[in-house]
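A.B. asks: Encoded as structure tokens, here's the structure I'll be asking about.
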Amino acid sequence: MGDSKRISVHRVLGEGLVADVVLWKNWRGAVAVLVSATALWFLFERAGYNFLSFVANVVLLLVVILFFWAKAANLLNRPLPPLPDLEISEETITRVADVLQIWMNRALSVAHDIAIERNLLLCLQVVGGLWAISYIGSLFNFLTLIYIGVLLSLSLPVLYDKYQDQIDDQLCVVHGLIHTQYKKIQSIVLSKIPKLSNKEKKVQ
């Protein structure tokens, strides 16, 4: 594959701070995310620390620090703690609502195709996906899955960006094999579905 066909992973990820961290362009941020995720996973998963107690203690510590900082600043004529505006803008709420609307409409569209259109293949895909999620969830707990997701997000994008040509070639081969097997399974499943006659279709 030529360079003209290469995908800019940095552009796909939004070309912002998240893209810089995920692709290790901002290596300090990437290291901070990795160390923080590892520390939290070890704290809750291995050390057995309670999540609610951890959050309460962190908030308590922040409140105490800010309180004494403000008191000391008042007595010593120093500037107050540099806190940002603690409010959520309407633009942020609108953006989140738009994203939720898109995902909910997709879910409702899938439910409509399964329940009303009786799309058997889509139903099998949904059942298979939910079974896979259930099986993976039985192997790991939720916190470990999140930690694995963080590790993958910090490793897979940068590896794909570095070895994109080789990975694309292998993915094309795998996609061809999966597509061939899918067509065979699809033909077998459709052959076992009794087709409605024209008379039955008119009755319906």
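A.B. asks: Can you work out the accessible area per residue across the chain, with the rest of the protein chains kept in place, probe 1.4 Å, in square angstrom? Before the final figure, lay out each step's value.
C.D. replies: Numbers: 16830 Å² over 204 residues.
I get 82 Å² per residue for the chain.
A.B. asks: Give me the percent relative contact order of the chain, please, defined on Cα pairs under 8 angstrom at least 6 residues apart.
C.D. replies: 32
A.B. asks: Summarise the accessible area of the chain (1.4 Å probe, protein heavy atoms) by the percent that is carbon and sulfur.
C.D. replies: On the way: 11380 of 16830 Å².
Using a 1.4 Å probe with all protein chains present, the chain comes out at 68 percent carbon and sulfur.
A.B. asks: When only alpha-carbon atoms are used, what values of Rg and Dmax, in angstrom, describe the range 78-148?
C.D. replies: Calculated on Cα positions, Rg and Dmax stand at 20.4, 69 Å.
A.B. asks: Taking 0.36 nm per intervening residue step and subtracting the Cα-Cα distance, what contour gain separates Leu66 from Leu139 on full extension?
C.D. replies: Working: separation 73, 0.36 × 73 = 26.28 nm, distance 4.20 nm.
Stretched out fully, the Leu66 to Leu139 stretch lengthens by 22.1 nm.
A.B. asks: Give me the percent of Cα-Cα pairs in the range 13-152 that sit more than 28 Å apart, rounded to a whole number.
C.D. replies: Details: 5183 of 9730 pairs.
Cα-Cα pairs in the range 13-152 separated by more than 28 Å: 53 percent.
A.B. asks: Have a look at Phe44, Leu60, Ile114 and report the one farthest towards the positive end of the charge dipole of the chain, computed about the Cα centre with Cβ charges (Lys/Arg +1, Asp/Glu -1).
C.D. replies: The Cα lying farthest towards the positive end belongs to Ile114.
A.B. asks: For a paramagnetic label modelled at 7 Å from the Cα of Leu34 toward its Cβ, which residues of the range 156-187 fall within the zone defined by backbone nitrogen distances under 19 Å?
C.D. replies: Answer for this model: 156-163.
A.B. asks: I'd like the accessible area for Asp113, computed on protein heavy atoms only with a 1.4 Å probe and all protein chains in place. Round to 10 Å², please.
C.D. replies: Number for this one is 50 Å².
A.B. asks: Where nothing but the Cβ of Lys and Arg (+1) and of Asp and Glu (-1) is charged, how large is the charge dipole of the chain around its Cα centre, in debye to the nearest 20?
C.D. replies: On the way: 19 positive and 16 negative charges, 161 e Å.
In debye, rounded to 20, the chain gives about 780.
A.B. asks: Which ³J(HN,Hα) values, rounded to whole Hz and listed in residue order, are derived for the range 62-68 from phi using the Karplus coefficients 6.51, -1.76 and 1.60 in 6.51 cos²θ - 1.76 cosθ + 1.60 with θ = phi - 60°, glycine and proline given as x?
C.D. replies: 5, 4, 5, 4, 5, 5, 5
A.B. asks: At a probe radius of 1.4 Å, what is the per-residue accessible area of Ile88, in Å² to the nearest 10?
C.D. replies: 130
A.B. asks: Measure nothing but the geometry: give the 0 to 90° angle between the long axis through the Cα atoms of 142-153 and the longest principal axis through the Cα atoms of the chain, rounded to 10°.
C.D. replies: With rounding to tens, the tilt is 90 degrees.
A.B. asks: Relative to the first principal axis of the alpha-carbon coordinates of the chain, what is the inclination of helix 164-192, with its axis defined by its Cα atoms, in degrees from 0 to 90 and to the nearest 10?
C.D. replies: Roughly 40 degrees between the two axes.
The values are calculated or read from the model by the stated rules, or taken from the named source; none is laboratory data. Values in this document were obtained by computation on a predicted structure and should not be read as measured data. Using ideal geometry, Cβ is built from the backbone for each residue, glycine included, and neighbour counts are taken over all protein chains shown. Heavy atoms of the whole protein, side chains included, go into the accessibility calculation; ligands, DNA and RNA do not. Shrake-Rupley method; radii C 1.70, N 1.55, O 1.52, S 1.80 Å.
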